[in-house]
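To start, I am sharing the structure in question, which I have written as structure tokens.
The values are calculated or read from the model by the stated rules, or taken from the named source; none is laboratory data. The model shown is predicted, which means the values in this text are computed figures rather than measured ones. Glycine also receives a Cβ, built like all others from the backbone with ideal geometry; neighbour counts cover every protein chain displayed. Ligands, DNA and RNA are stripped out before the accessible areas are found, and what is left, the full protein with its side chains, is counted by its heavy atoms. Shrake-Rupley method; radii C 1.70, N 1.55, O 1.52, S 1.80 Å.
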Amino acid sequence: MLPSWSLPLAGLISLACAAVFANGLWRIITVARMGTPAPGRLRPVGPRLRRVVTEILNHENFQHRPWIRIAHWCVMISFPILAFTLVTAFFQLTDPGWAMPGLGSFAPWNWLVEFFAWAGLIGGIFLTAVRTSTGRSAGSRTTLESGDEFPATSRFFGSVHWQARYVEFTIIGVVACVLIIRGAEYAYLADSEPASWVQFPTTAWIGALLGGLSQDTLGWIITGSAIVKLALSLSWLVVIGLVPSMGVAWHRFLAIVNVYAQTNPDGRPALGPLPELYVDGRPLRMDTVEDLDEDATLGYGTVSDISWKGLLDTATCTECGRCQDLCPAWNSNKPLSPKLLVTTLRDHAFASAPFAKAAASMEDVHSGDVLGALLEAGALGDNPDRGPDAPLMPNVITPDVLWACTMCGACVDQCPVDIEQIDLVIGLRRHQVLMESAFPSELGKMFTGLENKGNPWGLNPRKRLDWAKNLDFDVPQVGVDMESAADVDYLFWVGCAGAYDDRAKKTSAAVAELLHTAGVSFAVLGDGESCTGDPARRAGNEVLFQMLAEQNIDTLNEVGATNIVVSCAHCFNTIAKEYPDLGGHYTVVHHTQLLNRLVRDGRLTPVAPSPEERKTITFHDPCFLGRHNNIYSPPRELLGDVREMELNRERAMCCGAGGAHAFFEDKNGTSISGMRTRQAVATGADVIATACPFCTTMLTDGARSENADIEVKDVSLLLLEGVKRGQRGQD
């Protein structure tokens, strides 16, 4: 046992370690304080606190990984519970038999400690094994600049290897010490007061193995283990304090704040609508664009333009790679990895924070030219690309990385700590488009078509009703055949693809024919309809989106539209989820939802094909219907027997059209649509069923490029075939 003076010495060492930890925490706060405001992230308090507790207790974000979920939960809960044993360890430096007053002899507490010590040990070993096995089994190896090796196909590729191993080693070491101390305590107390297995339910057997040792030896085992446990714990505080960008360790503190401040207080992921573009704390609107200051910044041009929540996101990243694991861009060999995007911004932010602090203390910083002031003062040395006012593009994030994102939302949906990667991407795109006019050349044509003709191809608006020419009934147009959309059950929003694309025109006609057959009255806007603005907004052209959206909302309000049915997943998401921010409030249903309701109500009666005619069907989930809006069942219920792809529902892979990718070609890597087509072909299906015109186009092109003998049809076309079979049977 150590002399009595060792106890105050240990206390002083602990205070010093805690000071290093506190300094690391302050550096994280300093980074977050560089950011801009993030309105609405702190209230309402009650629902947000409930969400934090719920997410911590049930770990629901660990989707499709039940064993990892259990292991991580055990490790996480063991952290605060076993922290109490550190108090005991301090006093056991001088007195091996010391126990916490009250708790030390309270059997339920001892059961809890031992349960989570074993659970933490098993969980830590399991998670270490997962990381090791994932690295070894993921394919050919690629050596990183850091010297760590991980396959490019592993979700741990690009993660800082030593940091994760250090955290795992600390967890396993600390809980092992707890169990050794507990077992030695059982044997140590046996001579003075017989120890009951009730107080040592799972470690008495360890004490029995040590029963032949002397009292002094047992005392030194306890004291020595306490020293090791304290050393591991205190050195952990020092290491993470010195490396505040070590998200794999800091996330256990920061994730609580990050979950609390997520976009939706009810815990829904930040999917569906994009965040509004704030300028000087207010959302951008068309009537305020002209009043913007000349030096106003739109989007994320520098790290100090990112919101404090976005910077907190980067610091919270655990580098687990779940976002990367399902990213269609990364898996098709494009340069974008959501994880590496976040960690790159994180590293740049932490490198910039000291310069921001230096700039804040300089007298001439009020001029606004922080970068110039720092350069003049020599604060940046030979590296002007660092600092809070250093451009993020192209030196920190390259254009190929930025424009590879399809905004499918897989990264946001899979992240266990609620990082909002899409918000970072759209912030960067907005600055590139609105401030720098730097974007893929094909998007220029799309922007022009949207601005001049109201559709991304620049086609004549008068051709918007051509899809209905071959129908054997008239499709009424609001403003021509009737005054108000309130006179019909639904306003059918056809969309640009449904009006102009030859493949999507068939879907529009099928939806119209099914509604007509079911006796549902509907009308269209015809040339009064314009693009919802989705491709402009996802490409970063927020001003053009606002212009199109306000025009459409004025039209919809003028004609009295209340119930709207759409056949495009992108139009559905925009009108239902993004127009409300601009004053457009409507009841919007996707055509698969409405058609499924009509079938259930008996207003449509499809008949299955004969065994000789029957074809096997697989269904592709559109990102903006499924993951962004959680609509998975209606199309499947309409199709009946579906042979699922390996990646389906919330884990489905994007077709490659999102994020305005339908209008420009990404020449990096392989084709996303081709990959998704191969996944469909692997099921042995004859038909890929879709529920979005852009998915239909992309997968049809994918089937052609892959020379795959597989059809691509919208769900409505397949339903119409079944309804017509039923009509022929009645005849």
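Does Thr690 satisfy the condition of being of a type in the set (S, T, N, Q), open to solvent by less than 10 Å² (accessible area, probe 1.4 Å) and within 19 Å of Asn573 (Cα to Cα)?
In short, yes.
Please find, among Thr696, Thr690, Thr683, Thr670, the residue that is among the β-branched types (Val, Ile, Thr) and modelled with pLDDT under 95.
On the way: Thr696 fails: modelled with pLDDT under 95; Thr690 fails: modelled with pLDDT under 95; Thr683 fails: modelled with pLDDT under 95.
After applying the criteria, what remains is Thr670.
Moving on to the next point. Taking the stretch 280-292 on its own, how many of its residues are open to solvent by 90 Å² or more (accessible area, probe 1.4 Å) and in contact (Cβ under 8 Å) with a residue 12 or more places away in the chain?
1
Conditions: (1) within 23 Å of the chain's Cα centre (by Cα); (2) closer than 30 Å to Ala231 by Cα; (3) modelled with pLDDT under 90; (4) open to solvent by less than 70 Å² (accessible area, probe 1.4 Å). Ile28 meets all but one. Number of the miss?
Unmet condition: (3).
Test Glu294 against the stated conditions and say whether it is modelled with pLDDT under 90 and over 19 Å from Gly540 (Cβ atoms).
yes
A further question on this structure: Can you confirm whether Arg182 is of a type outside the set (Asp, Glu), assigned to a helix (DSSP H, G or I), open to solvent by 50 Å² or more (accessible area, probe 1.4 Å) and at pLDDT 90 or above?
No: the conditions fail for Arg182.
Follow-up. Looking at (1) without any contact (Cβ under 8 Å) to a residue 24 or more places away in the chain; (2) over 30 Å from Arg131 (Cα atoms); (3) crowded, with 17+ Cβ neighbours inside 10 Å, which is the only condition Ser196 fails?
In the conditions (1) without any contact (Cβ under 8 Å) to a residue 24 or more places away in the chain; (2) over 30 Å from Arg131 (Cα atoms); (3) crowded, with 17+ Cβ neighbours inside 10 Å, Ser196 misses (3) alone.
How do the helices (runs of 4 or more DSSP H) wholly within the stretch 1-95 filter down when requiring 1 or more residues that are more than 30 Å from Asn110 (Cβ to Cβ): which remain?
Correct list: 6-33, 45-58.
Can I ask one more? Taking the stretch 556-603 as the search range and keeping residues that are of a type in the set (Phe, Trp, Tyr) and in contact with a helix residue (DSSP H, G or I) (Cβ under 8 Å, 6 or more places away or on another chain), which one is nearest to Ala523 (Cα to Cα)?
By that ranking, first place goes to Tyr586.
Condition first: surrounded by fewer than 19 Cβ atoms within 10 Å (Cβ to Cβ) and under 18 Å from Ala184 (Cα atoms). Now tell me which residues in the stretch 92-102 satisfy that.
If we filter the stretch 92-102 for residues that are surrounded by fewer than 19 Cβ atoms within 10 Å (Cβ to Cβ), which is where we start, we get 94-95, 97-102.
Once the filter is applied, which keeps residues that are surrounded by fewer than 19 Cβ atoms within 10 Å (Cβ to Cβ) and under 18 Å from Ala184 (Cα atoms), the stretch 92-102 yields Thr94, Asp95, Gly97, Trp98, Ala99, Met100.
Next question, about the same structure. Out of Leu428, Leu380, Leu443, I need the residue that is modelled with pLDDT of 95 or more and either part of a loop (DSSP other than H, G, I, E, B) or buried (at least 23 other Cβ atoms within 10 Å of the Cβ) (or both). Which one?
Numbers: Leu380 fails: modelled with pLDDT of 95 or more; Leu443 fails: either part of a loop (DSSP other than H, G, I, E, B) or buried (at least 23 other Cβ atoms within 10 Å of the Cβ) (or both).
Within the list Leu428, Leu380, Leu443, the selection yields Leu428.
Taking Ile56 as the residue in question, decide whether it is surrounded by fewer than 18 Cβ atoms within 10 Å (Cβ to Cβ), out of contact with any Phe, Trp or Tyr (no Cβ under 8 Å at 6 or more places or on another chain) and in contact (Cβ under 8 Å) with a residue 60 or more places away in the chain. So that I can check it myself, show each step before the final result.
Numbers: surrounded by fewer than 18 Cβ atoms within 10 Å (Cβ to Cβ): yes; out of contact with any Phe, Trp or Tyr (no Cβ under 8 Å at 6 or more places or on another chain): yes; in contact (Cβ under 8 Å) with a residue 60 or more places away in the chain: yes.
Answer is yes for this residue.
Moving to a separate point now. What are the residue pairs meeting all of these: first residue in the stretch 515-538, first residue without any contact (Cβ under 8 Å) to a residue 40 or more places away in the chain, second residue among the acidic types (Asp, Glu), Cβ atoms under 6 Å, and 6 or more apart or on different chains?
Ser521/Asp489
Could you run through the stretch 643-681 and say how many residues are in a loop (DSSP other than H, G, I, E, B), under 29 Å from Ala536 (Cβ atoms) and open to solvent by less than 30 Å² (accessible area, probe 1.4 Å)?
Qualifying residue count for the region: 10.
So for the stretch 634-642 (the condition being of a type in the set (Lys, Arg), open to solvent by 40 Å² or more (accessible area, probe 1.4 Å) and modelled with pLDDT of 95 or more), does at least one residue qualify?
no
Please go through the stretch 631-663 and pick out each residue that is closer than 24 Å to Ala497 by Cα, of a type outside the set (Gly, Ala, Ser) and in contact (Cβ under 8 Å) with a residue 40 or more places away in the chain.
Ile631, Pro634, Pro635, Leu638, Leu639, Met653, Cys654, Cys655, His661, Phe663
Right, Asp305: open to solvent by less than 10 Å² (accessible area, probe 1.4 Å) and either out of contact with any Cys (no Cβ under 9 Å at 6 or more places or on another chain) or modelled with pLDDT of 90 or more (or both) or not?
Spelling it out, it is not the case that Asp305 is open to solvent by less than 10 Å² (accessible area, probe 1.4 Å) and either out of contact with any Cys (no Cβ under 9 Å at 6 or more places or on another chain) or modelled with pLDDT of 90 or more (or both).
Conditions tested, residue by residue: (1) in a loop (DSSP other than H, G, I, E, B); (2) of a type in the set (Ser, Thr, Tyr); (3) surrounded by fewer than 19 Cβ atoms within 10 Å (Cβ to Cβ).
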site	(1), (2), (3)
Thr448	no, yes, yes
Glu451	no, no, yes
Pro456	yes, no, no
Lys463	no, no, yes
Asn470	yes, no, yes
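Quick check on my filter: what residues within the stretch 218-249 are within 25 Å of Gly158 (Cα to Cα) and of a type in the set (Ser, Thr, Tyr)?
Answer for the stretch 218-249, where residues must be within 25 Å of Gly158 (Cα to Cα) and of a type in the set (Ser, Thr, Tyr): just Ser245.
Name the residue that is nearest to His591 (Cα to Cα), counting only residues in the stretch 489-508 that are in contact (Cβ under 8 Å) with a residue 24 or more places away in the chain and open to solvent by 20 Å² or more (accessible area, probe 1.4 Å).
The residue in question is Tyr490.
Separate question: So Arg537 passes all but one of these: (1) more than 27 Å from the chain's Cα centre (by Cα); (2) open to solvent by less than 10 Å² (accessible area, probe 1.4 Å). Which condition number does it fail?
All conditions are met except number (1).
Considering each residue of the stretch 109-166, count those that are at pLDDT 90 or above, over 17 Å from Cys320 (Cβ atoms) and open to solvent by less than 60 Å² (accessible area, probe 1.4 Å), and give that number.
The qualifying residues number 9.
Would you pick out the residues in the stretch 616-633 that are closer than 16 Å to Gly722 by Cα and either touching a Leu at 6+ places or on another chain (Cβ under 9 Å) or surrounded by 19 or more Cβ atoms within 10 Å (Cβ to Cβ) (or both)?
Result: Ile617, single match.
Taking the residues in the stretch 210-240 that are free of Cβ contacts under 8 Å to residues at least 60 places away in the same chain and in contact with a Ser or Thr (Cβ under 9 Å, 6 or more places away or on another chain) as candidates, determine which candidate is least open to solvent (accessible area, probe 1.4 Å).
Leu210
Kindly indicate which of Ala10, Ala83 is more than 21 Å from Tyr260 (Cα to Cα), of a type in the set (Gly, Ala, Ser) and surrounded by fewer than 16 Cβ atoms within 10 Å (Cβ to Cβ). It would help to see each step written out before you state the result.
On the way: Ala10 fails: surrounded by fewer than 16 Cβ atoms within 10 Å (Cβ to Cβ).
Residue meeting the stated conditions: Ala83.
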